[in-house]
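Since the structure comes first, as structure tokens, the remarks are kept for the end.
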Amino acid sequence: MTGSTPPWKRRFPRRGADTGPTDGPRRVRDDERGPFEEGASDPEAAPAGTASLEPAACRTDLPAPLEGPAPAARRRAAVIRDRARDLAKEGARKGGNRARTSLALLADRIIDLAPRVPVRDLATLRRHFPGLGPDQIADKLIAGAANASATVGAGIGAAAMMPVPPAMPTELAAEVTGVAAIELKLIAELHEVYGLRPPGNLKERSTAYLRSWAGERGIDVLKPASVNSALGGQLKRELRQQIMKRMVRNMPNLMPFMVGAAVGAVMNRRDTKKLAARVRGDLRRMQVPWDALSELPVLEQPARPLPLGDDPKQLGP
């Protein structure tokens, strides 16, 4: 017959193989029937050796199915994700340590430069500004310091006309250091004008001015706590916070194409005036009257004064 399987390709059952159902009303073998036969009254009276047709979910004699392992791709993605998280945490930790180390070095640099800031005493200021009172001299000092800090910001912004990422931290550090030296000089001379020179030698006064610069407040010579000249951990922590705040505010100074020069000049001028206004407000409440202010002793000058009129990058680390 056309289409039939040739005899040599037909499959013959092996010896002992199951030939399928041969009897029963529904052509099911007796050992495959369930426990409930027609006429049975006791469901428990199933003959031994018979297979149960109950749903597997209701049976407790079967072992619980084991969950297979996750696919290899999913396990690989989990390993990569955990590794990336660990690397990000490690990078953040190392970056934080480097930032704290850099701030600590910059704070130490400003602490070392503070005693070298040249400060004019009251007699010198009266000679430079004859016929002016304390407020008029303070206005002149604030204007000069604002112009000087604006010059520093413009110079750093011009140097960063085409920003180079590796040089950005150095440029910011140079700007913060230069502006800090100018503002320390301003704070010291404002204290001279209002007759509130801190007691002590050059180093002790420099430390007091550093505390005033970090806290943006004037020094009350009648309160020993505000004139504490110890270089402790609290002062260094305040210096690091002030430096970080200045560096974050000076980030726009690194904008390219001379935009940063203009931005740096405006922002440094504004910050110096804001600092001077706060310090001056505190000193006005404690000032010695101009008529009653006698000539103060001549200030001790540093052996190597800072060249504040030269390139501000010379003050950088």
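Here, each number is a calculation from the coordinates, and none is a lab measurement. Quick caveat: nothing in here was measured; it's all calculated off a predicted structure. We place every Cβ from the backbone using ideal geometry, glycine too, and count neighbours over all the protein chains shown.
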Any residue on another chain or 5+ positions along whose placed amide H is under 5 Å from the amide H of Asp121 is listed here as Leu299
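Using mean Cβ contacts within 10 Å as the protection proxy, how do 130-136, 261-267 order, highest first?
261-267, 130-136
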Sorted by average packing, counted as other Cβ atoms within 10 angstrom per residue and highest first, what order do 176-189, 235-248 take?
-> 176-189, 235-248
3J(HN,Hα) from dihedral phi, region 145-152, Karplus parametrisation 6.51/-1.76/1.60, rounded to Hz, x for glycine, proline = 5, 5, 5, 5, 5, 5, 5, 4
Show me 296-306, 119-129 ranked by packing, highest mean number of other Cβ atoms within 10 Å first.
-> 119-129, 296-306
Using label points projected 7 Å from each Cα along Cα→Cβ, tell me how many nm separate Glu300 and Asp112, to one decimal.
-> 2.1
Residues in region 182-198 near a label at Trp290, defined as backbone nitrogen under 16 Å from the 7 Å Cα→Cβ point?
-> 190-196
FRET efficiency for Arg249 and Leu105 from the Cβ-Cβ distance with R0 = 22 Å, rounded to 0.05, comes out at 0.65
Each label sits 7 Å from Cα toward the beta-carbon; between Glu204 and Arg237 the label points are separated, in nm, by 2.5
